[in-house]
1. Of K58/K88; K58/K143; K73/K132; K59/K143; K104/K143, which sit over 25 Å apart, Cα to Cα?
2. For the pair T120/Y158, report the inter-label distance in nm, with labels modelled 7 Å from Cα in the Cβ direction.
3. To the nearest 0.05, what FRET efficiency results for D70 and K143 with a Förster distance of 25 Å applied to their C-beta separation?
4. Leaving out same-chain residues fewer than 8 places away, which aspartates and glutamates sit with a Cα under 18 Å from that of K44?
5. If neighbour count is taken as other Cβ atoms inside 10 Å, put Y37, Y65, Y158, Y153 in order from fewest to most.
6. What is the fewest-to-most order of S39, S112 by other Cβ atoms lying within 10 Å of their Cβ?
7. If contacts are Cα pairs under 8 angstrom and at least 6 residues apart, what is the relative contact order of the chain in percent?
8. Across region 99-155, what fraction of all alpha-carbon pairs, as a whole percent, falls in each successive 5 Å bin from zero upward?
Amino acid sequence: MIDVSLFSDRYSVRQTTSDDIGEIFDLCRKNELYYKYCSPFVTKQSVADGMKALPPKKKACDKYYLGYFDGDKLIAVMDFIMAYPDEKTAFIGFFMTDVSVQGKGVGSGIISDLCSYLKTCGLTGVRLGWVKGNPQAENFWRKNGFTETGITYNTDNYTVVVAQREL
Ligand SMILES: CC(C)(COP(=O)(O)OP(=O)(O)OC[C@H]1O[C@@H](n2cnc3c(N)ncnc32)[C@H](O)[C@@H]1OP(=O)(O)O)[C@@H](O)C(=O)NCCC(=O)NCCS
């Protein structure tokens, strides 16, 4: 069993609810570059949909749509799936920091704390995908130790490159 409050040494982490949709939307809509590669642009409805979306064969009990808070301020959002695609692997479906904190190591710190905690839980890897051609996402994940698995898949609007970090 994981405890999301232990995901970060620096920030308060909790499951978000429908009450947080407005604040999450505000964080997302400022990240314009991301939506250039991963269209369509965010809406409050797409945030609500993202809170419920699950990979194939996964159940809601393994899904955590998390807010990272510095005091009251939402500084990052993460869609986290336990045990996907296998029991020993966690999956990050989405990760975004507020533009006001970017470029200061906040995102890397969050991923580093997360990987340390998941290792203590016995997980052996973290998997995710970046949109092919998005330099911000690709550079960020590479800098944080993720490497391509060789798997890619196409959606209607873009190609996803699947990457993994071993813990
Ligand atoms: C990617 C993201 C999470 C990084 O958050 P952050 O708090 O700025 O993270 P850090 O300060 O720890 O890392 C910054 C690194 O991101 C990468 N990066 C950030 N902006 C970039 C850009 N415009 N072009 C290329 N690389 C970029 C670089 O590797 C940079 O490291 P560097 O400063 O040593 O070059 C943030 O920019 C973001 O939320 N972007 C939009 C959403 C997104 O792309 N999420 C990832 C895919 S799900």
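Just so you know, all these numbers are worked out from the coordinates, no wet-lab data involved. Note that the coordinates shown come from a computational prediction; the quantities given were computed from them, not determined experimentally. Glycine gets a Cβ as well: all are built from the backbone with ideal geometry, and neighbour counts include every protein chain shown.
1. Numbers: K58/K88 14 Å; K58/K143 29 Å; K73/K132 31 Å; K59/K143 31 Å; K104/K143 14 Å.
Over 25 Å apart, Cα to Cα: K58/K143; K73/K132; K59/K143.
2. For T120 paired with Y158, the spin-label model returns 3.3 nm.
3. Working: r = 22 Å, r/R0 = 0.87.
Efficiency at R0 = 25 Å is approximately 0.70.
4. By straight Cα distance, K44 reaches D19, D20, E23, D26, E32, D79, D98.
5. Details: Y37 18, Y65 21, Y158 15, Y153 9.
Ordered by Cβ neighbours within 10 Å, fewest first: Y153, Y158, Y37, Y65.
6. On the way: S39 12, S112 15.
By the 10 Å Cβ count, ascending, the order reads S39, S112.
7. On the way: 263 pairs, mean separation 33.0, N = 167.
Value for the chain: 20 percent.
8. Result, from short to long distances: 4, 15, 24, 24, 17, 12, 4 percent.
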